[in-house]
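Everything on this sheet refers to the single structure shown next.
What follows draws every value from the coordinates through simple rules; no lab data is involved. Values in this document were obtained by computation on a predicted structure and should not be read as measured data. Virtual Cβ from ideal backbone geometry, glycine too; neighbours counted across all protein chains shown.
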Amino acid sequence: MDDDLLDSMTNKSFSFIEAPLYQGQKNRGVSLGPAFLRQALTDQKFNFTSQVATGSQSKQRINFKIYEELSYLVEREVRRGQLPFIAGGDHSLSIGSIQGLLRYFDHLKVIWVDAHGDINTKKTSQTGAFHGMPLAYLLGLEREEGELWMSHRLKPENLIYFGVRDLDAAEKEFLERYRIRYFTAQQIQSESDDIIRFLSSHCMGAKVFFSIDADAFDPALAPSTGVPVQNGLSFQIVRELVRRVSLSAQVVGLEYVELNPQIFKEVGDVERTAQIGIDLFSEVLNHKNREGIFYGRDDRFSHSEGSDLLHTAF
């Protein structure tokens, strides 16, 4: 990365939101991912504000309070006109992050860059791992009694999978039943230009959010993650996806999840895995810098009123 480009990115402020979730899977070290990313951003002289979603967690009985807090943090930051970079933590955090965005962006499109489907319900999950269920909650396939803050739903037609290659039978059935678009890693490796061109056109003018799991990438590139799957995506392909969609759509944020600093074989594994997320967010940030366009205060009245709690604060 040349110095001029680095300067243009680091001079623009953004909101870094830490979501140290671990209760969705077995490796508690994933909760250290956000702090590692924050330190890397600081070392690289990025200009950002930092918030942390807090709350108790339990692998025996999922505590939803931390997801609720995360949802309000994300909603608050976009209402302030900030571009959020959300760092995990396990992928169950998307229950909160995307719920917060849906309160503000009624027709949000989500590009889910992941090796896995993450759309199991409690009934269909073979492992019981909660980080394999966030999309079931966001789409309304799964519900939690008493959690009234989870009132907004992601529309199936606004969800797109990119790089999936490890789907359970029930997940495949859900994708077919609800006609959810998905592109496998194998398809992308042979037809990347056509697929990225299609997605750029499909998202034209839309509000788009990227949810990117470290395991979407080939384990040789991103080894510090808990559920790696062979034959993953290259960094270059995902960077081109983010770049092209940023040119055609309004990218309203990005999250990078499942970085686990306790998983490594060689010196530099954790740094390389973390840098992927930073470089992909930088593509979004760089586009915003060039265009000088940030959503938020100037167009808030064209969006949903959002939650009563936050509406009274703005």
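Observations on the model:
- For the range 3-311, the Cβ-based charge dipole about the Cα centre amounts to some 500 debye (Lys, Arg positive; Asp, Glu negative; other atoms uncharged).
- Kyte-Doolittle at least -0.5, axis length at least 18 Å by Cα - qualifying DSSP helices, the chain: 235-248
- Alpha-carbon Debye profile of the range 3-311, log10 I(q)/I(0) at 0.10, 0.12, 0.15 Å⁻¹: -0.48, -0.72, -1.22
- For the chain, the mean residue ellipticity at 222 nm estimated from helices alone is -11500 deg cm²/dmol, where every DSSP H run of n ≥ 4 contributes -39500 (n - 2.57) and the total is divided by all residues, rounded to the nearest 500.
- In order along the range 120-125, the Karplus-derived 3J(HN,Hα) couplings, from 6.51 cos²θ - 1.76 cosθ + 1.60 at θ = phi - 60°, round to 5, 9, 4, 6, 8, 5 Hz, and Gly and Pro are given as x.
- Sequence-distant residues sharing a close amide H with G232 (under 5 Å, placed H): D218
- Converting phi to 3J(HN,Hα) with the Karplus coefficients 6.51, -1.76 and 1.60 and the offset θ = phi - 60°, the range 132-149 yields x, 10, x, 6, 4, 6, 5, 8, x, 6, 10, 9, 10, 4, x, 8, 5, 5 Hz in sequence order, with x at every glycine or proline.
- Ascending count of other beta-carbon atoms within 10 Å, so fewest first, for H131, H107: H107, H131
- When the Cα gyration tensor is reduced to axis lengths a ≥ b ≥ c, the ratio a/c is 1.5 or higher for the range 66-158, and with a/b above b/c it is classed as prolate.
- Measuring spread by the Cα atoms of the range 94-248 yields a radius of gyration and Dmax of 15.1, 46 Å.
- Share antiparallel - DSSP beta bridges, the chain, percent rounded to 5: 5 percent
- Less than 5 angstrom separates the built amide H of V52 from those of E18, all sequence-distant by 5 or more or on a different chain.
- By the count of other C-beta atoms within 10 Å, a proxy for reagent exposure, Y178, Y137 are ordered fewest to most as Y178, Y137.
- Entry note, the chain: relative contact order of 22 percent, from Cα contacts under 8 Å with a spacing of 6+ residues.
- Burial ranking of peptide ranges 182-194, 164-176, 66-78 (average Cβ count within 10 Å, highest at the top): 66-78, 164-176, 182-194
- Between E191 and Q126, the contour length at 0.36 nm per residue exceeds the alpha carbon distance by 20.2 nm.
- Remark on I86: its backbone amide H falls under 5 Å from those of I17, L254, E255, Y256, a criterion applied only to residues 5 or more positions apart or on other chains, H modelled at 1.01 Å from N.
- Links that overshoot a 21 Å alpha carbon limit, given the list K65/K122; K155/K207; K26/K265: none
- Centre separation in Å (Cα based) which lies between the range 27-46 and the range 154-194: 29 Å
- Within a Gaussian network of the chain (alpha carbon springs, distance under 10 Å), most fluctuating of G89, G268, G117: G268
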